[in-house]
1. Would you mention how many residues in region 75-130 are among the small types (Gly, Ala, Ser) and in a helix (DSSP H, G or I)?
2. Confirm whether Thr89 is of a type in the set (Val, Ile, Thr), over 20 Å from Asp6 (Cα atoms) and surrounded by fewer than 16 Cβ atoms within 10 Å (Cβ to Cβ).
3. Can you tell me how many residues in region 47-59 are part of a helix (DSSP H, G or I) and either at pLDDT 90 or above or under 17 Å from the mean Cα position of the chain (by Cα) (or both)?
4. What's the total number of residues in region 86-125 that are under 20 Å from Pro23 (Cβ atoms), out of contact with any Phe, Trp or Tyr (no Cβ under 7 Å at 6 or more places or on another chain) and of a type outside the set (Gly, Ala, Ser)?
5. Can you give me the number of residues within region 92-112 that are hydrophobic (A, V, I, L, M, F, W, C) and surrounded by 14 or more Cβ atoms within 10 Å (Cβ to Cβ)?
6. Being modelled with pLDDT under 90, at negative phi, open to solvent by less than 70 Å² (accessible area, probe 1.4 Å) and in a helix (DSSP H, G or I) is true for just one of Leu26, Leu62. Which residue is that?
Amino acid sequence: NLNVLDYDYYFKITDFALAGNIPENLLIYNSILEHGFDGSQFVLGLAEHLRNLLVCKDEKTLSLLDIPEDLKQQYLAQSATVSQDFLLTALDLMKATESQFKPSKNKRLHVELALMKLSSIVSTLQKTTPSS
């Protein structure tokens, strides 16, 4: 995983994904690569971040988080802004991205495509949810 300081990357990526902001997420990923981080570790870290957000959706599962209290508060705040449907879809996407990462010939494009899809989940869910 990225070091503790880099949790901010995952919070930003999630915020931009919720806003449908593909360009910002691509720029963040580029910055991560420029700092020498591995794409595979980034995908694993993002999946863990999304899992932590899902765990925060219910008070009964909060004890499953093994993180400092101040970070837990950040997770609680962000989890309140994201739907369970988004998180489950995003986790499926990260699982597929992780499993296909190693054999991918263009690893950067592979992760970038995942970030584009991640940033499109909200609009896709809105199109498939019938309006009342």
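The values are calculated or read from the model by the stated rules, or taken from the named source; none is laboratory data. Just so it is clear, the model here is predicted, and its values are computed rather than measured. Ideal geometry is used to build each Cβ from the backbone, glycine not excepted, and the neighbour counts take in all protein chains shown. Remember, those area values only see protein heavy atoms, side chains included, never the ligands or the DNA or RNA. Shrake-Rupley method; radii C 1.70, N 1.55, O 1.52, S 1.80 Å.
1. First pass over region 75-130, keeping only residues among the small types (Gly, Ala, Ser): 77, 79-80, 83, 90, 96, 99, 104, 114, 119-120, 123.
Narrowing the set further to residues that are in a helix (DSSP H, G or I) leaves 77, 79, 90, 96, 99, 114, 123.
Of the residues in that region, 7 qualify.
2. On the way: of a type in the set (Val, Ile, Thr): yes; over 20 Å from Asp6 (Cα atoms): yes; surrounded by fewer than 16 Cβ atoms within 10 Å (Cβ to Cβ): no.
It is false that Thr89 is of a type in the set (Val, Ile, Thr), over 20 Å from Asp6 (Cα atoms) and surrounded by fewer than 16 Cβ atoms within 10 Å (Cβ to Cβ).
3. Quick first cut of region 47-59, residues part of a helix (DSSP H, G or I) only: 47-55, 59.
Subset that is either at pLDDT 90 or above or under 17 Å from the mean Cα position of the chain (by Cα) (or both): 47-55.
Count: 9.
4. So the answer is 11.
5. Here is the first cut: in region 92-112, the ones hydrophobic (A, V, I, L, M, F, W, C) are 93-94, 96, 101, 109, 111.
Adding the requirement that they be surrounded by 14 or more Cβ atoms within 10 Å (Cβ to Cβ) leaves 93-94, 101, 111.
The qualifying residues number 4.
6. Values: Leu26 fails: modelled with pLDDT under 90.
Being modelled with pLDDT under 90, at negative phi, open to solvent by less than 70 Å² (accessible area, probe 1.4 Å) and in a helix (DSSP H, G or I) holds for just one of Leu26, Leu62, which is Leu62.
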